[in-house]
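In what follows, a single structure is set out as structure tokens and then discussed.
No value in this document is a laboratory result; all are computed from the given coordinates. What you see is a predicted model, and the numbers here were worked out from it, not measured in a lab. All Cβ positions, even for glycine, are placed from backbone atoms using ideal geometry, and neighbour counts span all protein chains on display.
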Amino acid sequence: MLPLFLCQNARMRNTTRNLLFVASLLPLLACTPQETEQAALPAEESADRIDLIIDGQSVVTMDPAGTIIENGAIAIDDGVILAVGTAAEIHSEYTAAETLSGDHRIVMPGLVNGHSHAAMTLLRGIADDLALMDWLNNYMFPAEVEFVDAEFVRIGTELACWEMIRGGTTTFVDMYYYPDTIAQVVDSCGMRALISATVIDQRSPDAESAVDSLQKGSGYIERWQGKNSRITPIFGPHANYTLDAEQLKNTRQAAMRFNAAISIHVSESPFEVQYAKDTYGMTSIEMLDSIGFFDGPTIAAHVVWPTEAEIPILAAREVGVIHNPTSNMKIASGIAPIAAMLKAGVRIGLGTDGAASNNDLDMWEEMRLAAFLQKVEQMNPEVLPARTVLRMATSGGATAIGLGDEVGSLEVGKRADVIQVAFDDVHHVPTYDVVSHLVYVSDEQDVASVVVDGKVLMRERQLLTIDTERVATEATALAARIQSALEERNRK
Ligand SMILES: [Zn+2]
């Protein structure tokens, strides 16, 4: 099919062409004389002019076969991946308005951060070294009620997007307050996100109760559903200890009405499991399953303490589990049985959690710690190899959050969420195994360029969609106000 296409309509655009130009370039066997004449035009004229070509000394596609192309390239137009091949193939076929050079650059899918509270960048370092319930009830919830408003969320989310883009994250799943504000920031900075309206049965920065937060959340979903293809509005019921069974059921029903997904904290700490046992006579996941909570798409953050009986429930209900190793270690929540869940067929991605319990948004660190934590826990270095972890941060994570058909791998027809990782730093010299380096060596400082939906958000470490100077100034000024309010409170 390809030779016919090349000859007949070199200017054909978009997805039809994706289907036709699938892999390597076949010889132009089928051209009629007239078509041959067209194909013989000078390269500049005959090649298709598209938006973007990204070159790489290796292209790590994360497709199901784990294909890695040496001296590869990706052709992108209208936000879609048109072709993946060798640089020679791609450049003979297309010319682009912009090309990102592949010199010492590894090309791979953007990272998927499956669980964050983005605006908590502004609470980073305010309260460290505390257990989850102490940290939440005595520090975070009160601080949030006191300081968090729409302006706080705007600045904190901009900070987070800056940090995430800088570190190669292209998609994140957020749960915080003032979701309209989060969505506006994501709209303008160009990232992709599932943004939850938090539902919680206590006074929060943007609502008074479960009923109030669910009602306001529904309004937000109505406003943002179908508005921007990069932004998916979802519900974020906080946890089974901040909402009762009825409220959790009501949230699921509201989500079903909107055909929206849900993100929730599940089995994060022994406290939660004990609370579920005491209150419902069941462990957390059993309780959620018993009320039909998993009847629609669910993203479950943490899942540190699933019982043996609960793991098959997660697999059967296609719950996307998000592993947050750094947060789980810092708050001493425990070690999630990731290897066992993977073996049982549970969909697993990685996340950073909020910056106040991490304390950064570095997905490279999550990859490394995810691998190391399972290995040392099981005293088995073969558990969770680099390839498995890289999948959790890309295609596996995308599947866990319900975007597996759209992003997470570099395959023809998918949305173009692509990053270039610089491999010229001393810690990449020499490189024997690129995947080993990506998981065990690379860090966020190595990310050179970031593309989301075909648009360049960072080019050679220059942020293009966020005014970093303004955001830094605003964040510093807001932090100074928080700092003096805290000092004032401490003096009382
Ligand atoms: Zn969380």
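Can you tally the net charge around Ala475? Count Lys and Arg as +1, Asp and Glu as -1, for every other residue whose Cβ sits under 14 Å from the Cβ of Ala475. Before the final figure, lay out each step's value.
Working: positive: Arg124, Arg154, Arg470, Arg481; negative: Glu151, Glu158, Glu163, Asp467, Glu469, Glu474.
Summing Lys/Arg as +1 and Asp/Glu as -1 gives -2.
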Pop the C-beta distance of Arg481 and Glu406 into the FRET formula with R0 = 45 Å and round what comes out to the nearest 0.05. 0.65
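Per the helix-only calculation at 222 nm, which mean residue ellipticity applies to the chain, given -39500 (n - 2.57) for every DSSP H run of n ≥ 4 and division by its residues, nearest 500 deg cm²/dmol?
Working: 21 runs with 197 residues, N = 492.
Calculated mean residue ellipticity at 222 nm is -11500 deg cm²/dmol.
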Rounded to the nearest 10 degrees, the helix 468-491 long axis (Cα) sits at an angle to the longest Cα principal axis of the chain of 10
Helix 363-378 against the longest principal axis of the chain: what's the angle in degrees, Cα atoms only, rounded to the nearest 10? 70
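Longest segment of the chain with no GluC sites (Glu not before Pro) in a DSSP loop having at most 14 other Cβ atoms within 10 Å?
On the way: sites that count: Glu208, Glu308, Glu382, Glu460.
Looking at the chain, 1-207 is the longest stretch - no exposed GluC sites (Glu not before Pro) with at most 14 other Cβ atoms within 10 Å.
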Sorted by Cβ neighbour density within 10 Å, fewest at the top, the residues Cys161, Cys189: Cys189, Cys161
Helix axis angle, 245-258 relative to the chain longest principal axis, alpha carbon, degrees: 30
Which of Ala207, Gly217, Thr232 sits farthest toward the positive end of the charge dipole of segment 205-253, with +1 on the Cβ of Lys and Arg and -1 on the Cβ of Asp and Glu? Thr232
Taking other Cβ within 10 Å of each residue's Cβ, how do Ser409, Ser213, Ser101 sort, fewest first? Ser101, Ser409, Ser213
Reduced Cα scattering model of the chain, Debye log10 I(q)/I(0), q = 0.06, 0.07, 0.12 Å⁻¹: -0.28, -0.38, -1.04
Cα-based Lys pair tally, the chain, threshold under 20 Å, eight or more apart or on separate chains: 8
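Roughly how many debye, to the nearest 20, is the charge dipole of the chain about its Cα centre, given +1 on each Lys and Arg Cβ, -1 on each Asp and Glu Cβ, and no other charges?
Numbers: 36 positive and 67 negative charges, 124 e Å.
The dipole of the chain has a size of about 600 debye.
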